[in-house]
Amino acid sequence: MATPEPVRPIDRWFDSYSSDHRHPVNQWIHVVCVPLILWSVIALLWCIPVPEGGLFRDGMWALFAMLAAWVFYRRNSRPIALGMAVTFLLMALLTRLVHDMLGPQVLLYSAIVVFVLAWIGQFVGHKIEGAKPSFLTDITYLLIGPAWVLAKLYRQMGWRW
């Protein structure tokens, strides 16, 4: 008889997060809004000025935050960490493109608008759900949301996280 796989920490996080995200409309809103919020946070951090010269360059604060988040994902699931590394890379490239082509002010204002609208969407989803956002019980869920959306993508592709 095969022994069951041990429950990994990421599975516990996802089970708990999923319990607050059962309604299909709320799930759909999260699939759209969570990546938008993630991008807006990266873009907002990108806009923080850095000292001129030396090691620091535009986007360093965003890079530090992405690296710290990636370490969390890596400790919980290698496949999720790999997917989040790709996600962070693509979002950083998009942010750099907007910054360089349209300027830091457009990036900042765009990030603020996206952040506010996406959070409004999230709260509408939770109103529909009838459950408060998970991060109100544990701030770590702000990191779980993007991984949960990625895990949904993995499931659709038949991949294991």
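The values are calculated or read from the model by the stated rules, or taken from the named source; none is laboratory data. Small disclaimer: the values here were computed from a predicted structure and weren't measured. Ideal geometry is used to build each Cβ from the backbone, glycine not excepted, and the neighbour counts take in all protein chains shown. Keep in mind that these areas ignore ligands, DNA and RNA; they rest on the heavy atoms of the full protein, side chains included. Shrake-Rupley method; radii C 1.70, N 1.55, O 1.52, S 1.80 Å.
Here are the numbers:
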| read-out | value |
| --- | --- |
| When residues of region 102-114 are limited to those that are open to solvent by less than 30 Å² (accessible area, probe 1.4 Å) and part of a helix (DSSP H, G or I), the one nearest to Ala151 (Cα to Cα) | Ala111 |
| Selected residue (criterion: modelled with the highest pLDDT) from residues of region 1-17 that are open to solvent by 30 Å² or more (accessible area, probe 1.4 Å) and within 23 Å of Phe88 (Cβ to Cβ) | Trp13 |
| Options Val25, Val41; residue that is over 18 Å from the mean Cα position of the chain (by Cα), at pLDDT 95 or above and open to solvent by 40 Å² or more (accessible area, probe 1.4 Å) | Val25 |
| Per-region count, region 44-76, residues open to solvent by 20 Å² or more (accessible area, probe 1.4 Å) and not in a helix (DSSP H, G or I) | 12 |
| Residue in region 119-133 that is part of a helix (DSSP H, G or I), in contact (Cβ under 8 Å) with a residue 12 or more places away in the chain, within 22 Å of Leu45 (Cα to Cα) and not aromatic (Phe, Trp, Tyr) present | yes |
| Qualifying residues in region 138-161 (those that are in a helix (DSSP H, G or I) and basic (Lys, Arg)) - the one surrounded by the most Cβ atoms within 10 Å (Cβ to Cβ) | Lys152 |
| Region 89-101, residues that are among the aliphatic types (A, V, I, L, M) and either in contact with a helix residue (DSSP H, G or I) (Cβ under 8 Å, 6 or more places away or on another chain) or crowded, with 17+ Cβ neighbours inside 10 Å (or both) | Met91, Ala92, Leu94, Val98 |
